[in-house]
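Asker: Quick one: the structure is below, and I'll ask about it shortly.
The values are calculated or read from the model by the stated rules, or taken from the named source; none is laboratory data. This is a predicted model, so every value here is computed, not measured. Every residue, glycine among them, receives a Cβ derived from its backbone with ideal geometry; neighbour counts consider all protein chains shown. Please note that ligands, DNA and RNA were not included when accessible areas were found on the heavy atoms of the full protein model with its side chains. Shrake-Rupley method; radii C 1.70, N 1.55, O 1.52, S 1.80 Å.
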Amino acid sequence: MAEQEGIALVDLDENGVDRAFRADVLDGLAARQKAIPARWLYDDVGSDLFEDITQIPEYYPTRAETEILTDRGKEFATKIAPGCAVVEFGSGSSVKTPLLLKAIAPGAYVPLDISGDFLREAAQDLAAKFPGLPVYPVEADFMRTVDLPAEVAATPKLGFFPGSTIGNMVPRTAVDLLRSMRETLGEGAQLLIGMDLVKGRDILEAAYDDAAGVTAEFNLNLARRINRELDGDIPTEKLRHIARWNDDFARIEMHLEANEAIAFSVAGQEFSMRSGETIHTENSHKFTRRSSKLLLEAGGWTPQKRWLDSGKRFSLLLAEATEPRKAP
Ligand code: AVI
């Protein structure tokens, strides 16, 4: 029951249980390859752990993307429509968003997020940093087309989707999202999007299985969350975090693997796992120059410019919502 406007974007039952979470977990645990959508990693504990991940030495994407935003600001300004409304998909990072806004001097900032609390906090923070910049937060599920505030109807739009979050979606979902973004922003809009790059397996696996065990905690928190919120008794001490490169799909996969045969219940239903069986909890796709451009094209966006950090680990792409060139 996700509504664009009005009261509830989260649908709770009479016991305060998130119905969508319960349905996804019960379906996912009943599947042959157990799998739970990655969005459920981000309760309050998970969101804090993700913030910690962005600081760990092995996790380079946040630093690499921040470097591009810091160093290439002048170039952005020459490619992006002056006075545009920046529409951020997600409520904004306290570091990356100000770097972009400083570089391009926009006419308005419109953060979109499903979580009203995050959204209001981030919007207030931004408004304090940029006095005079109109900020119009919109509480919405940006996986669907969103009605933007009337105040920016006539302003050119720049969508901003940093972090390589697009990589957490399988290609067909990523294409659906890019198409919704195009619909939300309109013909002629631009999109600035972060995409992490394919690189050596060792670097990638270390980035998702850090020595301090922060990513392991982030992954295991999902099982703990299931126990907390869905009356589960998963023996989490018998699960271990796995991050492995899947070369066929060019992605890092996170799994929770059972160290021994276990049985447990969740929301009144019984489940079991064999020793070595896993629950697949996240994909993080990595891109090449070609695959990133192909994905943008498939989503209705024409690539205009691509920037890399000095270590060539991460890319930030600018694209435009134009009619596709006529096929031969
Ligand atoms: C949010 N997202 C882009 C992160 C990533 O790199 O795929 C999530 C993450 N999972 C483990 N570490 C970071």
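Asker: For His255, His280, what's the largest-to-smallest order of accessible area, 1.4 Å probe? Present the calculation step by step, with values, prior to reporting the outcome.
Answerer: On the way: His255 5, His280 30 Å².
If we order His255, His280 from most to least accessible, we get His280, His255.
Asker: Based on a Kirkwood Rh over C-alpha pairs, give the Stokes-Einstein translational diffusion coefficient of the chain at 37 °C and viscosity 0.692 mPa s in µm²/s.
Answerer: Working: Rh = 20.9 Å.
Calculated translational D: 157 µm²/s.
Asker: Which value, in debye to the nearest 20, gives the size of the charge dipole of segment 242-328 about its Cα centre, when Lys and Arg are +1 and Asp and Glu are -1 at the Cβ? Before the final figure, lay out each step's value.
Answerer: Numbers: 13 positive and 12 negative charges, 172 e Å.
So the dipole magnitude of segment 242-328 works out to roughly 820 debye.
Asker: Using only the Cα atoms of segment 61-203, build the gyration tensor, take square roots of its eigenvalues as a ≥ b ≥ c, and label the shape rounded, prolate or oblate: rounded if a/c is under 1.5, else prolate if a/b is larger than b/c, else oblate.
Answerer: Values: a/c = 1.44, a/b = 1.19, b/c = 1.22.
It is rounded, given that a/c, with a ≥ b ≥ c, falls under 1.5.
Asker: Could you work out the per residue convex hull volume over the alpha carbons of segment 161-234, in cubic angstrom?
Answerer: Numbers: hull volume 11.0 nm³, N = 74.
Output value, Cα hull per residue: 148 Å³.
Asker: Also, I was wondering about something else. Would you mind getting the accessible area per residue of the chain, heavy atoms of the protein chains only, 1.4 Å probe, in Å²?
Answerer: Details: 15540 Å² over 328 residues.
The answer is 47 Å² per residue.
Asker: Determine, for each peptide in 224-233, 91-100, the mean count of other beta carbons within 10 angstrom over its residues, then list the peptides with the highest first. Please list the in-between numbers first.
Answerer: Details: 224-233: 17.4, 91-100: 20.2.
Those peptides, ordered most packed to least, come out 91-100, 224-233.
Asker: Once both axes come from the Cα atoms, what is the angle between helix 289-298 and the longest principal axis of the chain, in degrees from 0 to 90, rounded to 10?
Answerer: Compared with the principal axis, the helix lies near 80 degrees.
Asker: Quick one: compute the contact order of the chain, relative version, from alpha carbon pairs under 8 angstrom and 6+ residues apart, as a percent. Walk me through the numbers before you get to the answer.
Answerer: Working: 624 pairs, mean separation 63.9, N = 328.
Dividing the mean separation by the residue count of the chain yields 19 percent.
Asker: Whenever you get a sec, compute what percent of the accessible area on segment 133-248 sits on carbon and sulfur atoms (1.4 Å probe). Before the final figure, lay out the partial values.
Answerer: Details: 2330 of 5020 Å².
The computed percentage sits at 46.
Asker: How large, in percent, is the carbon and sulfur part of the accessible surface of segment 1-124 at a probe radius of 1.4 Å?
Answerer: Percent of accessible area from carbon and sulfur atoms in segment 1-124: 52.
Asker: Using a simple charge model, +1 on the beta-carbon of Lys and Arg, -1 on the beta-carbon of Asp and Glu, nothing else, what dipole does the chain show about its Cα centre, in debye to the nearest 20?
Answerer: Values: 38 positive and 52 negative charges, 370 e Å.
The dipole of the chain has a size of about 1780 debye.
Asker: Please compare each pair in Lys102/Lys129; Lys79/Lys129; Lys96/Lys293 to a cut-off of 18 Å on the Cα-Cα distance and tell me which ones are over it.
Answerer: Details: Lys102/Lys129 10 Å; Lys79/Lys129 24 Å; Lys96/Lys293 23 Å.
As for pairs spanning more than 18 Å Cα to Cα, those are Lys79/Lys129; Lys96/Lys293.
Asker: Which value in Å is the Kirkwood Rh of segment 184-328 over different Cα pairs?
Answerer: Details: mean 1/r = 0.0556 Å⁻¹.
When all Cα pairs of segment 184-328 are included, the Kirkwood radius is 18.0 Å.
Asker: Among Arg182, Arg32, Arg201, which one moves the most in a GNM of the chain with springs linking Cα atoms closer than 10 Å?
Answerer: Evaluated over the chain, the most mobile residue of the options is Arg32.
Asker: Rounded to the nearest 20 Debye, what is the dipole magnitude of segment 267-309 about its Cα centre when Lys and Arg each give +1 and Asp and Glu each give -1 at the C-beta?
Answerer: Working: 7 positive and 5 negative charges, 100 e Å.
Taking the Cα centre of segment 267-309 as origin, the dipole is about 480 debye.
Asker: If R₀ is 22 angstrom, what is the calculated FRET efficiency for the pair Ala250 and Thr322, using the beta carbon separation as r and rounding to 0.05? Mind dumping the intermediate values first?
Answerer: On the way: r = 27 Å, r/R0 = 1.23.
That gives a FRET efficiency of 0.25.
Asker: Is the shape of segment 37-96 rounded, prolate or oblate, going by the alpha carbon gyration tensor and its root eigenvalues a ≥ b ≥ c, with a/c under 1.5 for rounded and a/b larger than b/c for prolate? All intermediate terms of the calculation are to be shown ahead of the outcome.
Answerer: Numbers: a/c = 3.33, a/b = 1.65, b/c = 2.02.
Verdict is oblate for segment 37-96.
Asker: Percentage of Cα-Cα pair distances in segment 246-328 greater than 20 Å, rounded to whole percent? Could you put the intermediate results ahead of the total?
Answerer: Values: 1967 of 3403 pairs.
Pairs farther apart than 20 Å: 58 percent.
Asker: Next question, about the same structure. Using a ≥ b ≥ c from the Cα gyration tensor of segment 5-59 (square roots of the eigenvalues), is it rounded, prolate or oblate, where a/c under 1.5 gives rounded and otherwise the larger of a/b and b/c decides, a/b for prolate? Each step should come with its number before you reach the end.
Answerer: Details: a/c = 2.94, a/b = 1.33, b/c = 2.21.
Taking the square roots of the gyration eigenvalues as a ≥ b ≥ c, segment 5-59 is oblate.
Asker: Please report Rg (one decimal) and Dmax (integer) in Å for the Cα set of segment 1-132.
Answerer: For segment 1-132, the Cα-based Rg and Dmax read 18.4, 54 Å.
Asker: Hey, another quick one. Cβ neighbours within 10 Å, averaged per peptide: list 259-271, 169-181, 153-165 in order, most packed at the top. Before the final figure, lay out each step's value.
Answerer: Working: 259-271: 13.8, 169-181: 17.5, 153-165: 20.1.
The packing order, highest mean first, is 153-165, 169-181, 259-271.
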